[in-house]
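Have a look at the structure below before the remarks.
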Amino acid sequence: MGKTINLTRGHDIKLVGGAMKVIGQTPEISTFALKPADVFGIKPKLLVKQGDEVKAGSPLFYDKNNESAMFCSPVSGEVVEIVRGEKRKLLEIKVLADKEMSFEDLGTKADIASLDRDTVISSLLKSGAWPMLRMRPFAKAAKPSDTPKAIFISGFDSAPLAPDYNFILEGKAAEFQTGLDVLQKLTTGKVHLNLEKGQKPCDSFANATGVEKNHFSGPHPSGTIGVQIHHIDPIKKGDVVWYINPQDVITIGKVFTEGKFDPVRTIAVTGAEFGSRKYFETRLGCCVEPFIKDNLTPAEEGKTRFISGSPLLGDRIESTGFLSFWDCQLTSMHNRDYPEFQGWIMPSYKRPTASKAFPWSMEPDTQFVANTSTHGEERAFIVTGQYEKVLPMDIYPVYLLKAIMAEDIEKMEGLGIYEVAEDEMALCEFVCTSKTPVTEYIRHGLELIEREG
């Protein structure tokens, strides 16, 4: 039997613009891309050049820190552009997709029950599916040299406008179970499937075997992997835990049942600025332009920011950009990048806030149309008790952040740096009176502690 965890601390940011539970007709998407910067901690080495023909599953680059870890094309087609930045940093590898998909024969098709751990790891590394596994601490691609004490899958996402995995995985129970069977080969501990208490699970989750099912209730960040690990199997210094998105579990299973890399993803198009908000079936690294074209409300033309991921923690992208490696959500938001005249004294418009000082806080079910304004500039970092109200973990977030600023590694370890990443701390940044870039500090702390070892 799994655990049931009832969380009370946190805050749900209720926004207008959630995706209807309808699978829309996917527009024609001609270009896909991999962006090495999406995957923390890797040093990419390019394997193709412009004009090369590739298949789905053909390696595009590998990680110089682990030369067996391949990053493979999600589609077949032609490498049409290799984008570099300062000091020739590799930014994007763009592939013009074929009308008919062709796949590399990976030679990995096998009876999963007969495979040992080393064979599973070797197959995942060469297939391009390995980077879908991430690790805690550090929230980066998993290291094949580690043996995780457990593997976690969050079957729900509590972030604003997040995709509904119960809807996405409905009818995919067999494929999902195959992926779970593969994951069980990778750990000597448990595979945890964490579900939302009170919600009827889809068949993929309800029928899953070989996993420990835990149930969580409470506001965001109850759906984040760090909070779930903290309450189920906390991380201590020296521990390693792996985690993976539910859709990627299916992709991993296909490596062994079909012998190919087939990263199909159902994404949610969300945000009040879009006229049509639905779910669409596409592939890893898709161009977002077809979902945006002719889909903005007239008043938002030229005034919209596009985000790969959730509005709370996603990456800003251009209207011709690409979804990031681990994202299943495209979000639009009104781009309000100018100050409000006497905004501190004028009556405020309705906007999402955790404060009880506004009259609409009396209406807990109110949904808001958000914008990108921070409603103030960065100020002195003061102690207010705000963070503790929205972080359901037994750590002291303000003291942890100050230890990171001081680069005091011993204090960072003592205050719980191994248990957190940007996902859990993003809500602290949202409520912060001081406008402190909390998630930037957390990433700096994680990189520092990993580097200094």
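Rule-based calculations on the coordinates, nothing more; no lab input. All values derive from a computational prediction rather than experimental measurement. Please note: Cβ atoms are built from the backbone with ideal geometry, for glycine as well, and neighbour counts cover all protein chains shown.
See the values below:
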item	result
Read-out Rg/Rh (Cα atoms, Kirkwood Rh), derived from the coordinates shown; its label in (i) 1.00; (ii) 0.95; (iii) 0.97	(ii)
Proximal charge balance of residue 230 [Cβ under 9 Å; K/R count +1, D/E count -1]	-4
The chain - percent relative contact order, Cα under 8 Å, separation 6 or more	19
Percent of beta bridges antiparallel (DSSP, segment 96-212, rounded to nearest 5)	25
In sequence order, calculated HN-Hα J values of segment 215-225 (Karplus, 6.51, -1.76, 1.60; Hz; x Gly/Pro)	10, 10, 10, x, x, 4, x, 4, x, 7, 5
³J(HN,Hα), Karplus 6.51/-1.76/1.60, whole Hz, each residue of segment 23-28, x for Gly, Pro	8, x, 6, 5, x, 5
Share of alpha-carbon pairs per 5 Å distance bin for segment 144-219, given as whole %	3, 15, 25, 24, 17, 11, 4, 0
DSSP beta bridges in segment 4-257 [antiparallel fraction, %, rounded to 5]	60
Under 5 Å, built H, 5+ apart or other chain: amide partners of residue 202	none
Cut-off under 5 Å, modelled amide H: who pairs with residue 434 long-range	382
FRET efficiency, 1/(1 + (r/R0)^6) with R0 22 Å, evaluated for residue 408 and residue 40 via beta carbons	0.45
Charge dipole (debye, nearest 20) of the chain; +1 at Cβ of Lys and Arg, -1 at Cβ of Asp and Glu	380
Mean ellipticity per residue at 222 nm, deg cm²/dmol - from DSSP H runs of n ≥ 4 across the chain, formula -39500 (n - 2.57)	-6000 deg cm²/dmol
Ordering of 288-294, 24-30 by packing [mean C-beta count within 10 Å, highest first]	288-294, 24-30
Peptides ranked, highest mean first, by Cβ atoms within 10 Å: ranges 423-436, 177-190	423-436, 177-190
Label point distance in nm, residue 96-residue 80, each placed 7 Å from Cα along Cα→Cβ	0.6
In segment 20-111, trypsin sites (Lys or Arg not before Pro) in a DSSP loop with at most 12 other beta-carbon atoms within 10 Å	49, 64, 89, 99
Cα lying deepest toward the dipole's positive end in the chain, options 201, 189, 280, charges on Cβ	189
Sequence-distant residues sharing a close amide H with residue 282 (under 5 Å, placed H)	265, 266, 267
Burial ranking of peptide ranges 35-43, 217-225 (average Cβ count within 10 Å, highest at the top)	217-225, 35-43
Considering only segment 194-342, percent of DSSP beta bridges that pair antiparallel, nearest 5	70
Nitroxide proxy distance, nm - points 7 Å out along Cα→Cβ at residue 315 and residue 350	3.4
Which listed pairs, of 185/254; 213/254; 14/402; 35/55, have C-alpha distances above 21 Å, in listed order	213/254; 14/402
Residue-wise HN-Hα coupling along segment 122-131, computed from phi with Karplus coefficients 6.51, -1.76, 1.60 (Hz; x: Gly, Pro)	4, 5, 5, 5, 7, 7, x, 8, 4, x
